[in-house]
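Remarks on the structure that follows.
The values are calculated or read from the model by the stated rules, or taken from the named source; none is laboratory data. Model, not experiment: these values are computed from the prediction. Neighbour counts run over all protein chains shown; Cβ positions are idealised from the backbone, glycine included.
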Amino acid sequence: MRVIRVFSVLSILAATSLIANAQTFSKVNAHIPYTVMVGSKQLPPGDYEILPAPGAAEGLYAIYSDDRATFVGLLSATPTYESQPARNTELVLHANGQGEYMLDQLRIQGGTEGYEFVTPKSGASHEREASSVEVKAEATR
């Protein structure tokens, strides 16, 4: 009987931990100084806000410009994990070879979980690392 209680408590703690870590931010504000491709859309330099898409499945994020007045598009992301917590909240952009950048990753300060945005033309990871630019951002939890 004691074993069942201990197992039940551990299961509840594990489930609570997963729920608490499932979404590590409520929004991210960033000034992107470059032209950025998000899917098939080209975004000019400017201020943007990324937040979990309301009422959508986990891993789907909305991007807005103009203080949430203009909906820009949806981003699909998969979680990534690092061994060390991120020092800053930042977006990682990767050059597409045509003078533009693609939004690739989001890292949240203090967290070991980040997000990799799914893009139709994902290159090999070693090619991405060679041409990345990090843009500081601000996250709200």
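Of the residues making up the stretch 43-51, one or more are closer than 14 Å to residue 135 by Cβ and in contact with a Pro (Cβ under 6 Å, 6 or more places away or on another chain). For residue 86, the test of being of a type outside the set (Val, Ile, Thr) and modelled with pLDDT under 80 is failed.
Of all the residues in the stretch 53-80, those that are of a type outside the set (Lys, Arg) and assigned to a loop (DSSP other than H, G, I, E, B) number 10. Cβ separations smaller than 7 Å between residues 6+ apart or across chains give the following pairs from the stretch 27-38 residues that are farther than 16 Å from residue 100 by Cα to residues that are outside any strand (DSSP E or B): 28/89. Is it true that residue 7 is out of contact with any Lys or Arg (no Cβ under 7 Å at 6 or more places or on another chain), at pLDDT 75 or above, outside any loop (DSSP other than H, G, I, E, B) and over 22 Å from residue 133 (Cα atoms)? No. Checking 111, 99 one by one, the residue that is over 14 Å from the mean Cα position of the chain (by Cα) and either assigned to a strand (DSSP E or B) or not aliphatic (A, V, I, L, M) (or both) is 99 and no other. Kindly establish whether residue 53 is buried (at least 17 other Cβ atoms within 10 Å of the Cβ) and in contact with a strand residue (DSSP E or B) (Cβ under 6 Å, 6 or more places away or on another chain). So residue 53 does not fit the description; no. The set of residues in the stretch 67-96 being surrounded by 15 or more Cβ atoms within 10 Å (Cβ to Cβ), within 12 Å of the chain's Cα centre (by Cα) and within 17 Å of residue 51 (Cα to Cα) consists of 75, 76, 77, 89, 90, 91, 92.
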